[in-house]
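Report on one structure; see the data block that follows.
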Amino acid sequence: MTIEVDIVSRITERFSQLRDAEKKVAMLVIDDLAAASGYSITQMAEEAGVSEATITRFAKAVGCKNVRDLKLKLAQSLAIGQRFIHESPDQSGIQGVYESIKNVININRKVVNEQDVATAVDMLQNARQILAIGMGGGSTMLSQELQFRLFRLGYPVTAYNDGLLARMVASTADANDVMVVISATGYTPEVVEPASIAKQYGLKVIAITPKESPLAEVSDLVLPVVTKETDFIYKPSASRYAMMALIDVLSTELALSHKRRTRDKLRRLKLALDSHRGGEDRQPLGD
């Protein structure tokens, strides 16, 4: 497997070691990746005011096989997006963080389909066991969050955050089980493949993910999330709040579907916690 190296970082790291003529090429490239990736070697040399031989030396100096390889890596960096290369307008500050969260929640509230939620609740409350799958930072935490919400209501649920283990679990489960797969993109193979395996063995698969993603395509039911990423890359993605809100919706509806059992479970949980930690009556239940 080939591991791609970020060419922009490589150029920046090696800039001080370059010859003066090569530094001109480096500055040309960093200033406009789009243009540089489209230049021929002759055009690049003319724009930088150096010889074509300098362009070749520069490519090798930054770890590329040749100029063609350099242009390929520039195009790859460009595909990732200019927002990871050039500074965007500042959207930081306490209010900016809260506003982005609020905007994402409002957008996603409008795409929630009540009938789909009801269908998901019916699938989950009749499951022999619930498998919560999530890979990566936010999705890992959210699959665990689903486990934390549901076990206290009496549902048999386990979170899995390892790609190989998720495949193993999917292959040993049966048609009485339900898999809930959480992914902010729906493209990660480590979540798409366990979902596909689960479907082959008759499991119902619920996905909390964007519509029309590979994960959505292999799932029985999609509870869609809309991710609105801005050019301000320094703040963590607010999309996880939309997914967490869906988890809260499912948890609440499941709790309401068996009020007496829920009340008994939560009362026992409250007693166990308060007798251990003390404090006020209105403390959260283990959150």
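Results, tabulated for the structure shown:
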{"read-out": "Long pairs among Lys110/Lys259; Lys60/Lys211; Lys235/Lys259; Lys211/Lys235; Lys102/Lys211; Lys110/Lys204, criterion Cα-Cα beyond 31 Å", "value": "Lys60/Lys211; Lys235/Lys259"}
{"read-out": "Set of aspartates and glutamates with alpha-carbon distance to Lys24 below 16 Å, sequence-local pairs under 8 removed", "value": "Glu13, Asp32, Glu46, Glu47, Glu52"}
{"read-out": "Accessible area (Å², 1.4 Å probe, nearest 10) - Glu13", "value": "120"}
{"read-out": "Ranked order, Thr140, Thr209, Thr158 - accessible area, probe 1.4 Å, largest first", "value": "Thr158, Thr140, Thr209"}
{"read-out": "Dipole moment magnitude, nearest 20 debye, segment 132-246 about Cα centre, only Lys, Arg, Asp, Glu C-beta charged", "value": "320"}
{"read-out": "Solvent exposure ordering (accessible area, 1.4 Å, most first) of Val178, Val222", "value": "Val222, Val178"}
{"read-out": "Heavy atoms of Lys259 accessible to a 1.4 Å probe, total area in Å² rounded to 10", "value": "130"}
{"read-out": "Convex hull projection area averaged over all views, segment 123-193, Cα basis, nm²", "value": "4.4"}
{"read-out": "Calculated P(r) of the chain - Cα pairs past 32 Å, %", "value": "46"}
{"read-out": "Ile55 accessible area, assembled protein chains, probe 1.4 Å, Å²", "value": "0"}
{"read-out": "Percent carbon-and-sulfur accessible area, the chain, ignoring ligands, DNA and RNA, probe 1.4 Å", "value": "52"}
{"read-out": "Largest-first ordering by accessible area, 1.4 Å probe, given options Arg149, Arg277, Arg267", "value": "Arg267, Arg277, Arg149"}
{"read-out": "Residue-normalised accessible area of the chain, given per residue in Å² at a 1.4 Å probe", "value": "56"}
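The values are calculated or read from the model by the stated rules, or taken from the named source; none is laboratory data. On a predicted model such as this, the values are computed, not experimentally measured, just so you know. So basically every Cβ, Gly included, is an ideal-geometry build from the backbone, and we count neighbours across all protein chains shown. Only protein heavy atoms, including side chains, enter the accessible area calculation; ligands, DNA and RNA are left aside. Shrake-Rupley method; radii C 1.70, N 1.55, O 1.52, S 1.80 Å.
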